[in-house]
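A short write-up of the structure that comes next.
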Amino acid sequence: MNKLIATLIAGLFASAAMAQTPAPAADVAKAQAKAEKSVAKAEAKEMKKDAAADQDVAKAQAKADEKVAKAHAKAEKTHTKAEEKIAKADPEDKVKAEAKADKKMADANMKVDKTQAKADAKVAKEKAEATEEKAIAAAKTNEVKAKAAADVKAATVK
């Protein structure tokens with residue numbers, strides 16, 4: 001009878017131990033491989049989004065720089081013409097010509113400043129959008145990483 005009870009108790013412990021054993025290594029390896037693949041894919045997507053956002057910012061900056069350069073060139077041309085008119089003016093009309101030239105130069109300078117402000121605003125907006133896109137992409141990558149870690153953890157318990 002003691003042998004029978006000992007056998008039953010040993011069987012009970014063995015079945016309890018079997019129920020708590022970790023999942024086969026193959027299942028865990030599959031889950032890890034799948035997790036690594038999904039994380040790598042998410043990171044690649046994030047890098048692609050980051051690069052696209054940076055490229056958009058660079059384009060906006062180049063366009064802004066070009067507009068500002070054109071505005072400066074136009075203002076410089078206006079200044080030159082105004083100075084030529086002053087030089088050509090009769091001595092008695094020189095003060096009047098200088099006043100007109102000053103107005104034209106001030107107007108040209110204002111246009112340059114206005115163009116610069118608009119260009120800076122557009123670049124700032126593009127940078128803000130790029131930052132937002134990068135943050136969203138990073139959040140999505142973190143989500144994939146968390147889900148992958150959870151899947152691997154679940155596979156080890158099976």
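In nm, to one decimal, how far is the modelled label at ALA44 from the one at ASP151, with both set 7 Å along Cα→Cβ?
1.5
Which FRET efficiency value, to the nearest 0.05, do you get for ALA124 and THR80 by plugging their Cβ-Cβ distance into 1/(1 + (r/R0)^6) with R0 = 35 Å? Display every interim value, and only then the final one.
On the way: r = 32 Å, r/R0 = 0.92.
My answer for the efficiency is 0.60.
Using the Cα centre of segment 60-123 as the reference point, and only Cβ charges (+1 on K/R, -1 on D/E), how large is the resulting charge dipole? Debye, rounded to the nearest 20. Each step should come with its number before you reach the end.
On the way: 17 positive and 13 negative charges, 76 e Å.
Computed charge dipole of segment 60-123: roughly 360 debye.
Calculated FRET efficiency, LYS88 and MET110, Cβ-Cβ r, R0 22 Å, to nearest 0.05? Mind showing how you got there, number by number?
Details: r = 25 Å, r/R0 = 1.14.
Working from the Cβ atoms, E equals 0.30.
Please give the FRET efficiency for VAL95 paired with HIS72, using the beta carbon to beta carbon distance and R0 = 25 Å, rounded to the nearest 0.05. Don't jump to the answer; show the numbers that get you there.
Values: r = 28 Å, r/R0 = 1.13.
With R0 = 25 Å, the Cβ-Cβ based efficiency is 0.35.
The numbers here are math on the coordinates, done by the rules we state, and not lab data. No experiment lies behind these values; they were computed from the predicted model shown. Cβ coordinates were reconstructed from backbone atoms using ideal geometry, including for glycine residues, and neighbour counts include every protein chain displayed.
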